[in-house]
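Peer 1: Before I ask anything, let me first share the structure, which is written out below as structure tokens.
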Amino acid sequence: MKKPEPHWSWIGAVGRPHGVRGAFFLSGRTAVLHFDGEAPYTARVGGKSPESATPVTILQHTTPKGRDLLQLSSWLDRTQVETHYGASLWVPEALLSDPDAPWSGCEVEDVHGKRLGTLRGFVDHGATPNAQIQADTGHWLEVPFVDSFFIQDPIRAKETRVIRLSVGYEIVEDLWDNPDRLV
């Protein structure tokens, strides 16, 4: 039996190169990527549609300072990234943040274990997606979903249904929609 083709989504474009070994930053990201387990992952680059794009393999994905940094198996140096600068990057929809993402619906705790609320979803204002955390009272706050604020461990999040901030509550307490609200 033939495996069904994945549904592809445009996730952004090949951005600025990083280093000399073919790594690049993703430009114009449209959603949070979530990779379960270890790479490699199938993707497509270029073209006006995923059908016209070239199949590639993502060997590595990291998020230094909240920016997606990707390494493809077929790009071995900086020149190849520069040649493809601005090309569309397509990934299977299963790799995008959605209601079934490992951290959606998780309880959110600060680095000391203080419960803040529940992660309800993400909103993207342009630079990086913000995690929307809702307290039991209905109040909410948005925290940039980057390594400097969150410990991004999707495997642990799936198992425990808890995601932890990498900072204490005092760092984000003034971000609540109601400044008088203290959890």
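Peer 1: Being β-branched (Val, Ile, Thr) and out of contact with any strand residue (DSSP E or B) (no Cβ under 8 Å at 6 or more places or on another chain) is the filter; apply it to region 142-170 and report the residue that is farthest from residue 110 (Cα to Cα).
Peer 2: Taking region 142-170 as the starting set, the residues that turn out to be β-branched (Val, Ile, Thr) are 143, 146, 151, 155, 160, 162-163, 167.
If we keep only those that are out of contact with any strand residue (DSSP E or B) (no Cβ under 8 Å at 6 or more places or on another chain) too, we end up with 146, 155, 160, 167.
Values: 146: 14, 155: 18, 160: 15, 167: 6 Å.
Across region 142-170, the extreme among qualifying residues is 155.
Peer 1: Follow-up question, since we're still on this one. Name the residues in region 141-159 that are assigned to a helix (DSSP H, G or I) and in contact (Cβ under 8 Å) with a residue 24 or more places away in the chain, would you? If you could, list the steps in order and put the result at the bottom.
Peer 2: Residues of region 141-159 that are assigned to a helix (DSSP H, G or I), as a first pass: 154-159.
Within region 141-159, 154, 155, 157, 158 meet the criteria.
Peer 1: Does residue 172 qualify as being in a helix (DSSP H, G or I), among the aliphatic types (A, V, I, L, M) and over 16 Å from the mean Cα position of the chain (by Cα)? Break it down into steps so the answer makes sense when it comes.
Peer 2: Details: in a helix (DSSP H, G or I): yes; among the aliphatic types (A, V, I, L, M): yes; over 16 Å from the mean Cα position of the chain (by Cα): yes.
Answer is yes for this residue.
Peer 1: Let me ask another. Residues of region 63-79 being more than 15 Å from residue 17 (Cβ to Cβ) and surrounded by 12 or more Cβ atoms within 10 Å (Cβ to Cβ), which ones? Can you show your working first?
Peer 2: Quick first cut of region 63-79, residues more than 15 Å from residue 17 (Cβ to Cβ) only: 63, 65-66, 73.
Within region 63-79, 63, 66, 73 qualify.
Peer 1: Could you tell me which residue of region 38-73 is nearest to residue 89 (Cα to Cα), considering only residues that are among the acidic types (Asp, Glu) and assigned to a loop (DSSP other than H, G, I, E, B)?
Peer 2: Of the residues in region 38-73, the ones among the acidic types (Asp, Glu) are 38, 51, 68.
Subset that is assigned to a loop (DSSP other than H, G, I, E, B): 38, 68.
Numbers: 38: 20, 68: 12 Å.
Residue satisfying both the conditions and the ranking: 68.
Peer 1: Can you tell me which residues in region 104-138 are surrounded by fewer than 17 Cβ atoms within 10 Å (Cβ to Cβ) and in a loop (DSSP other than H, G, I, E, B)?
Peer 2: If the condition is that a residue be surrounded by fewer than 17 Cβ atoms within 10 Å (Cβ to Cβ) and in a loop (DSSP other than H, G, I, E, B), then 105, 111, 112, 113, 114, 125, 126, 127, 136, 137, 138 are the ones that fit.
Peer 1: Test residue 91 against the stated conditions and say whether it is modelled with pLDDT of 80 or more, in contact with a strand residue (DSSP E or B) (Cβ under 6 Å, 6 or more places away or on another chain), assigned by TED's automatic domain parsing to the domain that holds residue 42 and at negative phi.
Peer 2: Values: modelled with pLDDT of 80 or more: yes; in contact with a strand residue (DSSP E or B) (Cβ under 6 Å, 6 or more places away or on another chain): yes; assigned by TED's automatic domain parsing to the domain that holds residue 42: yes; at negative phi: yes.
Yes.
The values are calculated or read from the model by the stated rules, or taken from the named source; none is laboratory data. Quantities reported herein were computed from a predicted structural model and do not represent experimental measurements. Please note: Cβ atoms are built from the backbone with ideal geometry, for glycine as well, and neighbour counts cover all protein chains shown.
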